[in-house]
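Down below is the structure, laid out as structure tokens.
No value in this document is a laboratory result; all are computed from the given coordinates. Not measured: the values here are computed from a predicted model. Don't worry about glycine lacking a Cβ; one is built from the backbone with ideal geometry, like all the others, and counts go over all protein chains shown.
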Amino acid sequence: MTGMTPFLMFQGGKGKAALDFYVEHVPGSRIVSMELFGADGPGPEGTILRAYAEIAGQTVMAHDSHIAHGFDFTPSFSFFVTCADEPEFDRLFAILSWEGAVLMPPGNYGWSRKFGWLSDHFGVSWQLNLE
């Protein structure tokens, strides 16, 4: 084995918009490399063939599937983010849950001062924690 990287497979050409959104709003995030499908396909031109990004410092790989699947993201896979302070927690929770779904509203559930779980508008699940 040479390594392991979380892999995000988007459908409907949402990959680039999702990565751009994360880079803009999540500290410690950047696109490392991005290879797009060309005019010859097999995916739609301009969608992601393969991308590497750092999201909150974590390397992830992304792809826009050109094959329709009967499944998508599920909350059983999520990014678990430990926030530095409450303003950062509140900002991230607000922006990531925008047009998404709140799975557990921010609160003290007994394991940290503040915790919240959400699914963003791309379908990716996030757990935010303030210790």
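Just from the alpha-carbon atoms, what are the Rg and Dmax of the range 78-130 in angstroms?
Calculated on Cα positions, Rg and Dmax stand at 9.9, 29 Å.
If you bin the C-alpha pair distances of the range 34-131 every 5 Å from 0, what whole percents do you get?
Values per bin, smallest distances first: 3, 12, 18, 19, 17, 12, 8, 6, 3, 1, 0.
What GluC sites (Glu not before Pro) in the range 1-91 are in a loop by DSSP, with at most 12 other Cβ atoms within 10 Å of the Cβ? If you can, show how the numbers build up before the last one.
On the way: sites: GLU24, GLU35, GLU45, GLU54, GLU88; in loops: GLU45.
Hits after loop and neighbour filter: GLU45.
What's the exposure ranking of GLU86, GLU99, going from fewest to most Cβ atoms within 10 Å?
Values: GLU86 12, GLU99 7.
By the 10 Å Cβ count, ascending, the order reads GLU99, GLU86.
Pairing the Cα long axis of helix 86-97 with the longest principal axis of the chain, what angle in degrees results, from 0 to 90 and rounded to the nearest 10?
The helix 86-97 is inclined about 40 degrees to the chain.
Relative contact order for the range 7-65: what is it in percent, counting Cα pairs under 8 Å that are at least 6 residues apart? Show your work: numbers first, answer last.
Working: 121 pairs, mean separation 24.8, N = 59.
Value for the range 7-65: 42 percent.
How high is the relative contact order of the chain? Use alpha-carbon pairs under 8 Å, at least six apart in sequence, and give a whole percent.
Values: 260 pairs, mean separation 28.0, N = 131.
The normalised contact order for the chain reaches 21 percent.
Mind checking the angle between helix 15-25 and the chain's longest principal axis? C-alpha axes, 0 to 90 degrees, to the nearest 10.
Rounded to the nearest ten degrees, it is 30.
Please work out how much length the chain gains when fully extended from ALA84 to GLU99, using 0.36 nm per residue of separation minus the C-alpha to C-alpha distance, in nm with one decimal.
Details: separation 15, 0.36 × 15 = 5.40 nm, distance 2.45 nm.
Separation in residues times 0.36 nm, less the Cα-Cα distance, equals 3.0 nm.
Would you mind ranking HIS63, HIS25, HIS69 by Cβ crowding within 10 Å, fewest neighbours first?
Details: HIS63 18, HIS25 15, HIS69 8.
Result, fewest neighbours first: HIS69, HIS25, HIS63.
Using only helices, what value at 222 nm comes out for the chain when you add -39,500 (n - 2.57) per DSSP H run of length 4 or more and divide by the total residues, to the nearest 500 deg cm²/dmol? Write out the running numbers ahead of the final one.
Values: 2 runs with 23 residues, N = 131.
After summing the helix terms and dividing by the residues of the chain, the value is -5500 deg cm²/dmol.
Quick check on the chain: of the DSSP beta bridges with both residues there, what percent are antiparallel, nearest 5%?
Numbers: 22 of 32 bridges.
Within the chain, antiparallel bridges account for around 70 percent of the total.
Would you order THR47, THR74 from fewest to most other beta-carbon atoms within 10 Å of each residue's own beta-carbon?
Values: THR47 19, THR74 10.
Listing THR47, THR74 from fewest to most nearby Cβ atoms yields THR74, THR47.
Could you tally the net charge around SER29, taking each other residue with its Cβ under 11 Å from the Cβ of SER29, Lys/Arg +1 and Asp/Glu -1? Each step should come with its number before you reach the end.
Working: positive: ARG30; negative: ASP20, GLU24, GLU54.
Combined, the nearby Lys, Arg, Asp and Glu give -2.
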